[in-house]
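I am attaching a structure below and will ask some questions about it afterwards.
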Amino acid sequence: MAQFTPSGKSGDLKQEDNKKTSELVVCLGELLIDFVPTVGGVSLAEAPAFKKAPGGAPANVAVGISRLGGSSAFIGKVGKDEFGYMLSDILKQNFVDTSGVQFDSDARTALAFVTLRADGEREFLFFRNPSADMLLRESEIDKNLIQKAKIFHYGSTSLIHEPCKSAHLAAMRIAKDSGCILSYDPNLRLALWPSAEAAHKGIMSVWNKADIIKINEEEITFLTGGDDPNDDNVVLNILLLY
């Protein structure tokens, strides 16, 4: 990808030529604060204290692309609060275009407590009742930004609740109509869905729209009902049959 060149205004993209614009990756979804224990290998209840860190899978992708020398932008919503401002500033500091970030006066920035226990299992506790990212509306989507992209990247978390679900689906349509490559991270977070059945249905509802799918072993097992995630045939079947 072309090297990212910051403009005079932090967080805005400076497009030097058409090639650079065509290589823009736009990521849509959640941007939140992760609270992680100050010591490792403990449950959330056992943690003596927590430290805050920027989180949200689509936002992490946007930052990663920028750090690797690519051009990226993020579309999503945070609260009009100190955490929301902090997260937006972190994106800008990493040269991610934040022109698609919205601020909500009526909802807080999402929070998540997360740990990796000694038994190797992850533990999550989310605070979204509702959080600002769940309230992103179709009218707030920056269509022009998506139309500039080469790749449009998204997850499944923004498909759980309205109005964010409709905004997400509208953004996908814009991206597809604009000739973008669609990149999908199922990013299974069962605790956020009403049920396992709803999670399966929601994740698979946009499965066949994607050109690229990023999937891990846990997600393969969940979506297949328990098949071996290390079996090449299982992986090929789940990618091809839906």
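Any read-out appearing in this document is the output of simple, stated calculations on the displayed coordinates, not a laboratory observation. Bear in mind that the values here come from a model prediction, so they are computed numbers and not experimental data. Don't worry about glycine lacking a Cβ; one is built from the backbone with ideal geometry, like all the others, and counts go over all protein chains shown.
Placing unit charges on C-beta atoms (Lys and Arg positive, Asp and Glu negative, everything else neutral), compute the dipole magnitude of the chain about its Cα centre in debye, rounded to 20.
Dipole about the Cα centre, nearest 20: 820 debye.
In deg cm²/dmol and to the nearest 500, what is the mean residue ellipticity at 222 nm of the chain if only DSSP H runs of at least 4 residues count, each as -39500 (n - 2.57), divided by the residue total?
Calculated from helices alone, the mean residue ellipticity at 222 nm is -8500 deg cm²/dmol.
Could I ask something else about it? Let's see if you can work this out: charge +1 on each Lys and Arg Cβ, -1 on each Asp and Glu Cβ, no other charges. What is the dipole magnitude of the stretch 131-213 about its Cα centre, in debye to the nearest 20?
The calculation lands at about 180 debye.
Quick one: which residues, 5+ away or cross-chain, put their amide H under 5 Å from the amide H of SER72? H built at 1.01 Å from N.
VAL25, ASP97
Name the residues whose placed amide hydrogens come within less than 5 Å of the amide hydrogen of HIS153, ignoring near sequence neighbours (fewer than 5 apart) on the same chain.
VAL26, CYS27, LEU28, SER183
On to the next question. Over the alpha carbons of the stretch 20-88, what is the largest minus smallest coordinate on each principal axis, giving the biggest first in Å?
The principal-axis extents, from largest down, are 48, 28, 15 Å.
Here's something else I'd like to know. Report the per residue volume, in Å³, of the convex hull enclosing the C-alpha atoms of the stretch 48-190.
Given the Cα convex hull of the stretch 48-190, per-residue volume reads 125 Å³.
If packing is taken as the average number of other Cβ atoms within 10 Å across a peptide's residues, how do 136-149, 41-54 rank, most packed first?
With the highest mean Cβ count within 10 Å placed first, the list reads 136-149, 41-54.
If you don't mind, there's one more thing I want to ask. Can you list residues whose amide H is under 5 Å from GLN102's amide H, if they're 5+ apart or on another chain and H is modeled 1.01 Å from N?
GLY76, LYS77, VAL78
For the stretch 92-242, what is the percent of antiparallel DSSP beta bridges, rounded to the nearest 5?
45
While we're here: How large is the direction-averaged shadow of the alpha-carbon convex hull of the stretch 168-242, in nm²?
If you wrap the Cα atoms of the stretch 168-242 in a convex hull and average its projections, you get 5.2 nm².
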